[in-house]
Amino acid sequence: MAEKRVLLEHRDVPGIDTISGYEAVGGYEGVRRAVSMDPEAVIAEVKASGLQGRGGAGFPTWIKWSGLRGNPPGPRYVVCNADEGEPGTFKDRELMLRLPHMVVEGIAIAGYATGACRGFIYIRGEFTESARAVRRAMDEAYERGYLGPGMAGSEATFDLHVHMGAGSYECGEETALMSSLMGERGQPRAKPPHAPLPVVSGLWGRPTLINNVETYACVPHILRRGGAWYASLGTERSKGTKIFSVSGHVRKPGNYEIELGTPLSELIGMAGGVVGGALKAVIPGGSSVPILTASMCEGLALDYDSCRAAGTMLGSGGCMVFNDRTDIVKLMCATARFYAHESCGKCTPCREGTRWMYRIYQRIMRGDGRPGDADLLVSICNNIDGRSYCPLGDAAAWPIRASVERFREEYDYWVQHGRSPLGPDAVPEVH
Amino acid sequence: MSALNAGRTGRFSPEALRELEEIISHYPERRAAMLPALWIAQREYGGALTRDAIEEVARLLGRPAVEVEGVASFYTMYNLGRRGRRHLEVCTCLTCAVVGAAGVLRKLEERLGVRVGEVTPDGEFSLSEAECLNWCEAGTVVQVGDRYFGNVTPDNVEDLLAEITSGEGAGVVQQADSVVQVHLRRKGAPAGGTGRG
């Protein structure tokens, strides 16, 4: 199997980031088709496509869209989660930078289908370059009437605004993002059964749809070419294509779009193969998903079910590849630091647990690791997992627990000898 | 609050106030414009959110200053402490770490004469580690203001320093302005492409 470019088909066409360049390759046909249909029919098309959320959770997109329509009349909101922060992932940044109109069109279609009056694209604060591209695309879309009153020739009004973040991984979580968008600290909110879903009560207590950038970018293609066409790509239970951000020890790191179900080994092949040594480990879906040993990668197909069965997750598609010079304990020390730094502080198990774990890694790195530290890490993971409002705690626990289980001998060596089993040249170097 | 601030004049320029009011109009309530208001303040106050900046935002949004400070302190890009006019952030997260971020950081410490977390004596540069900047295909990634630099190695650190000293957009004030500008709709903006970079 080779790359299968749907979203990225025209990535390298000069001027594709302008409205004329985008329209020249069929851009905005999707929204024009959508507004010629009943909103329910648009959602049916998305349902037929089998599209699942591309931000990490893989939730069926149409269910969220449909959930908005069941509400009583009144303001409804559509939000694009462009707060890409999952380590190893860089697809949304590139989609916005190079194909901003595709994202804008997808959001506009969602606005029409859900009956929303207003949309917000919440862009990570660091992404000014991508945000400028989105801003220009939005201004052009307004000029051509794809946004605003009478959008795309319909009777609907849909306004879209940019809202920039200011540095917080936690805001990529949908309820924290909403807190941030309403002007608060980016902390998560209660979810069912304790509180209603955002599709019932989100921004300002109103029904709110939140999808990821890549999810919205799929929508124009689904409307233009049909849900059935989209569903013909991928596997029976994982439809369509997915962009994987491949980085680490590969010859040609970058974004590669493949049909779901493509073997991991082929994705690594597309990225030019492993460099600097033999394959040792892969984190296939961003830092929040469990790490795989080289043997676990053999024959693994990249679809939602296969990844789950293999003891990991597809996640955001941030595929980090590590060669045999990589010290897994050091690598997970960086992971532990990340989650300790990014925990928003709301829930005790996550706030305290992530910092305890980082402290344990720090003492192991100093040569002061204690017998039982590996088990202690697992015990802390077990006590964080499932005990926080949002999945950040789980996301810290899963990869660390998996690394202890799958690379136990490296932990034991570190604790026993106070140094890396791979010698002084192992990567990553801890600053 | 209001009694304390009575008669005080803020540093938001008339243009900044216009920008803020336009942004506020995007939301059903003023408070929602907290993040953009803090970005405007960071620009208007020369790159740092001082006590006065926090109080002016509080006044403009009709919120308690302690709430504004609580929000500002949550997000890493707001400068509540001391940063240099150009703030260098080296990604040391997973991918960058395995392709040599520590070497880049060490070289920058050497070259600038400061450690991570410090500011040069002339106030020009500050240096910090950053968590994933999400351009992992180009590790090691360094962010300076609104500029991203990819494939940074100890050997090309000099080029980066030359570029940020002469180039646009690398300062903390320009970064805040860039963030503010993308919130604002440009009426009749010329259609134009953007390069990849």
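Just from its helices, what would the mean residue ellipticity at 222 nm be for chain B, if runs of 4 or more DSSP H residues each count -39500 (n - 2.57) and the sum is divided by every residue, rounded to the nearest 500 deg cm²/dmol?
Estimated from H runs of four or more residues: -12500 deg cm²/dmol.
Restricting to lysines 8 or more places apart or on different chains, can you count the pairs in the protein assembly as shown with Cα atoms under 16 Å from each other?
10
Per-residue mean of other chain beta-carbon atoms within 10 angstrom of the beta-carbon, peptide A:121-128? Intermediate results must be reported in sequence, preceding the final value.
Details: counts 1, 1, 3, 3, 10, 13, 7, 13.
Shielding by partners across A:121-128 averages 6.
Sort A:H194, A:H163 so that the residue with the fewest other Cβ atoms within 10 Å of its own Cβ comes first and the one with the most comes last. Can you show the working numbers first?
Working: A:H194 8, A:H163 27.
In order of increasing Cβ crowding within 10 Å: A:H194, A:H163.
Starting with the highest mean, order B:109-119, A:166-176 by the number of other Cβ atoms within 10 Å, averaged over the residues of each peptide. Write out the running numbers ahead of the final one.
Numbers: B:109-119: 14.4, A:166-176: 25.6.
My ranking of the peptides, most packed first, is A:166-176, B:109-119.
In what sequence do A:K47, A:K91 fall when counting other Cβ within 10 Å, fewest first?
Working: A:K47 18, A:K91 27.
So the ranking, lowest neighbour count to highest, is A:K47, A:K91.
Which order do peptides B:96-106, A:250-260 fall in by mean Cβ count within 10 Å, highest first?
Values: B:96-106: 23.5, A:250-260: 20.8.
With the highest mean Cβ count within 10 Å placed first, the list reads B:96-106, A:250-260.
Which of B:T120, B:T92, A:T18 has the fewest other C-beta atoms within 10 Å, and how do the rest follow up to the most? Let's see the in-between values first.
Details: B:T120 15, B:T92 27, A:T18 20.
Starting with the residue having the fewest Cβ neighbours, the order is B:T120, A:T18, B:T92.
Can you give the convex hull volume of the alpha carbon atoms of segment B:86-172 per residue, in Å³? Walk me through the numbers before you get to the answer.
Details: hull volume 6.9 nm³, N = 87.
Considering the Cα atoms of segment B:86-172, their hull volume per residue is 79 Å³.
From other protein chains only, count the Cβ atoms within 10 Å of every residue's Cβ in B:124-136, then give the mean.
Values: counts 0, 0, 0, 0, 0, 3, 3, 11, 15, 7, 19, 8, 14.
Mean shielding count: 6.
Counting DSSP beta bridges with both partners in segment A:19-231, what percentage is antiparallel, nearest 5?
Details: 3 of 20 bridges.
Approximately 15 percent, going by the DSSP bridge assignments.
What number, rounded to the nearest 500 deg cm²/dmol, is the helix-based mean residue ellipticity at 222 nm of chain A, given -39500 (n - 2.57) per DSSP H run of at least four residues and division by all its residues? Mind showing how you got there, number by number?
Working: 18 runs with 185 residues, N = 431.
Helices in chain A give a 222 nm mean residue ellipticity of -12500 deg cm²/dmol.
Pull up the DSSP beta bridges for segment A:245-390 and report the antiparallel fraction as a percent, rounded to 5. Show your work: numbers first, answer last.
Working: 11 of 16 bridges.
Taking every DSSP beta bridge within segment A:245-390, about 70 percent pair in antiparallel fashion.
If you take every DSSP beta bridge whose two residues both sit in chain A, what share of them, in percent to the nearest 5, is antiparallel? Before the final figure, lay out the partial values.
Details: 19 of 42 bridges.
The antiparallel proportion sits near 45 percent.
Which of these, A:A110, A:A217, A:A57, has the largest mean-square fluctuation under a Gaussian network model of chain A (Cα springs below 10 Å)?
Taking springs between Cα atoms under 10 Å, the residue moving most is A:A57.
If amide hydrogens are placed 1.01 Å from N in the peptide plane, which non-local residues have theirs closer than 5 Å to the one on A:N323?
A:H249, A:K280
Comparing B:D52, B:D177, B:D155, which has the greatest mean-square fluctuation in the GNM of chain B with Cα pairs linked when under 10 Å apart?
The residue that fluctuates most here is B:D155.
For the protein assembly as shown, max minus min Cα coordinate along each principal axis, in Å, sorted largest first?
70, 65, 49
Once you average over the residues of A:22-31, how many Cβ atoms of partner chains fall within 10 Å of each Cβ?
Details: counts 0, 0, 0, 0, 0, 0, 0, 0, 0, 0.
That average works out to 0.
For A:G115, what charge total do you get from the other residues with a beta carbon under 12 Å from its beta carbon, if Lys and Arg give +1 and Asp and Glu give -1? The partial results should precede the final answer.
On the way: positive: A:R69, A:R76, A:R118, A:R206; negative: A:D38, A:E40, A:E155.
Counting the neighbours of A:G115, the net charge comes to +1.
List the Cys residues of chain B that have no partner Cys with a C-beta closer than 4.7 Å.
By the Cβ distance rule, which asks for a partner under 4.7 Å, the isolated cysteines are B:C136.
Readers should treat all values here as calculations from the given coordinates under stated rules, not as data from a laboratory. As the structure is a prediction and not an experimental result, all values here were calculated from the model. Here the Cβ is made from the backbone with ideal geometry for all residues, glycine too, and neighbour counts use every protein chain on show.
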